[in-house]
Amino acid sequence: MRNLIFVLMGFALLGCSEDAEDVLNCGVDGNMIEKIEWLNIEADRMNSSPETNGIVLYKYEGREVIELQEAIRSSTNQTQFHCDGTRIDFNDSDKFSDYLQNRVELKVLFGTKIWN
């Protein structure tokens, strides 16, 4: 009986672990860059220098935000998008500050995270 309890506990613990690729992000199962056309185009454009460019997935205000982090765009920082490719308007500095303070990093989708 005791062995059965340990076996069941093992299944319960292993069953609760999530592989990052198994989690749906932006409604996509698996590799978002391969499956979201506009994101695939952006990653291809950045592909020549993944050490100075990155694509990072965040959660902010209950929604996923895809941030394109490129060295050439670092001064404008107008590179946050909803999953459908719609640019998020952070022209209001208070709104942008709130985003920076309250976003939660989910994962790096491509390259290197170059901004904090």
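Which of the residues that make up the stretch 41-63 are assigned to a strand (DSSP E or B) and either touching a Phe, Trp or Tyr at 6+ places or on another chain (Cβ under 7 Å) or modelled with pLDDT under 85 (or both)?
Selection gives 54, 55, 60.
When residues of the stretch 64-82 are filtered for being of a type in the set (Ser, Thr, Tyr), modelled with pLDDT under 90 and under 14 Å from residue 113 (Cβ atoms), how many remain?
So the count comes out to 1.
Taking the stretch 32-53 as the search range and keeping residues that are polar (S, T, N, Q) and surrounded by 14 or more Cβ atoms within 10 Å (Cβ to Cβ), which one is nearest to residue 69 (Cα to Cα)?
53
Among the residues of the stretch 101-111, write down those that are surrounded by 13 or more Cβ atoms within 10 Å (Cβ to Cβ) and aliphatic (A, V, I, L, M).
106, 108, 109
Among the residues of the stretch 64-90, count how many are loosely packed, with under 12 Cβ neighbours inside 10 Å and part of a strand (DSSP E or B).
Result for the stretch 64-90: 1.
Restricting the search to the stretch 40-69, which residues are over 21 Å from residue 97 (Cβ atoms) and of a type in the set (Asp, Glu)?
Scanning the stretch 40-69 gives 42, 44, 51.
The values are calculated or read from the model by the stated rules, or taken from the named source; none is laboratory data. What you see is a predicted model; the values in this text were computed from it and never measured. A quick note on method: Cβ atoms are made from the backbone with ideal geometry, for glycine too, and the neighbour counts reach across all protein chains shown.
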